[in-house]
């Protein structure tokens, strides 16, 4: 008999597989050329299974961002207590862009075709709405993780989470437009370095 933990892990794996399939197909084909049936088939599950997890392909795409932030929050809680807050945040964030991940993994510079597909994907109004909802939900979990780690409440954890989110979004925006291309890992490192230093003026 499956344990509750095993069932939850399988559900999580299915959710991630569906979300990643939605991203990959949309980048390759364009948002309007992907059906939810295509996403389900790509992930190796039924359409009914897709409907059990997501109400739309936009929600499935946005879930990739949610999962990443939730993993950051979980990793932040698990980091050694002796690490400073920003050391722990850096390790938690950078661990979510592993080497070999398609499109932008680790120190790998982005593939041009993948980059163009992502740029087009994020212009979709339906996806922008789903991403806004995803950001709000994921941000709450990050605030809670920072509050737990720092044993603070109120403004401080919310401010740190907002800064972390802004730094990550700025790195992603630069990743999309940098010429020559830069890796996401390098951009994240620079963004966090600048934040931790107090954002001094360049030069």
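Ordered by the count of other Cβ atoms within 10 Å of each Cβ, fewest first, 53, 156 give 156, 53.
With a simple spin-label model that places each label point 7 Å from the Cα along the Cα-to-Cβ direction, the separation between residue 156 and residue 47 comes to 5.3 nm. Legend: calculated FRET efficiency, residue 174 to residue 136, from the Cβ-Cβ distance at R0 = 22 Å, rounded to 0.05, equals 0.40. Treating the angle as unsigned and between 0 and 90°, give the value, to the nearest 10°, between the Cα long axis of helix 112-121 and the longest Cα principal axis of the chain. On a 0 to 90 degree scale, this one is about 80. With a Förster radius of 41 Å applied to the beta-carbon distance between residue 10 and residue 194, the computed FRET efficiency rounds to 0.50.
Counting only DSSP H runs of at least 4 residues, each contributing -39500 (n - 2.57), and dividing by the residue count of the chain, the helix-based mean residue ellipticity at 222 nm comes to -23500 deg cm²/dmol.
Residue exposure proxy: 45, 23, ordered by other Cβ atoms within 10 angstrom of their Cβ from fewest to most, comes out as 45, 23. With a/c under 1.5 counting as rounded, go ahead and sort the range 4-196 into rounded, prolate or oblate using the C-alpha gyration tensor (a ≥ b ≥ c being the square roots of the eigenvalues; past the cut-off, prolate if a/b is larger than b/c, else oblate). Verdict is oblate for the range 4-196. Helix 4-29 and the longest principal axis of the C-alpha atoms of the chain enclose an angle of approximately 80°. In terms of surrounding Cβ atoms within a 10 Å radius of their Cβ, 38, 148, 179 rank from fewest to most as 179, 148, 38. Could you tell me the distance between the Cα centroids of the range 150-197 and the range 1-71, to the nearest Å? Value for the Cα centre distance between the two parts: 26 Å. On C-alpha positions alone, give me the angle between the axis of helix 57-78 and the longest principal axis of the chain, in degrees, nearest 10. Tilt of helix 57-78: around 40 degrees.
The modelled label-to-label distance for the pair residue 113/residue 201, using points 7 Å beyond Cα in the direction of Cβ, is 4.6 nm. Label separation (residue 3 vs residue 126): 4.0 nm, computed from points 7 Å beyond Cα along the C-beta direction. Computing FRET efficiency as 1/(1 + (r/R0)^6) for residue 87 and residue 144, where r is the C-beta to C-beta distance and R0 is 30 Å, gives about 0.95.
FYI, it's all coordinate maths here, none of it is from the lab. Keep in mind that what you see is a predicted model, and the values were worked out from it rather than measured. Here the Cβ is made from the backbone with ideal geometry for all residues, glycine too, and neighbour counts use every protein chain on show.
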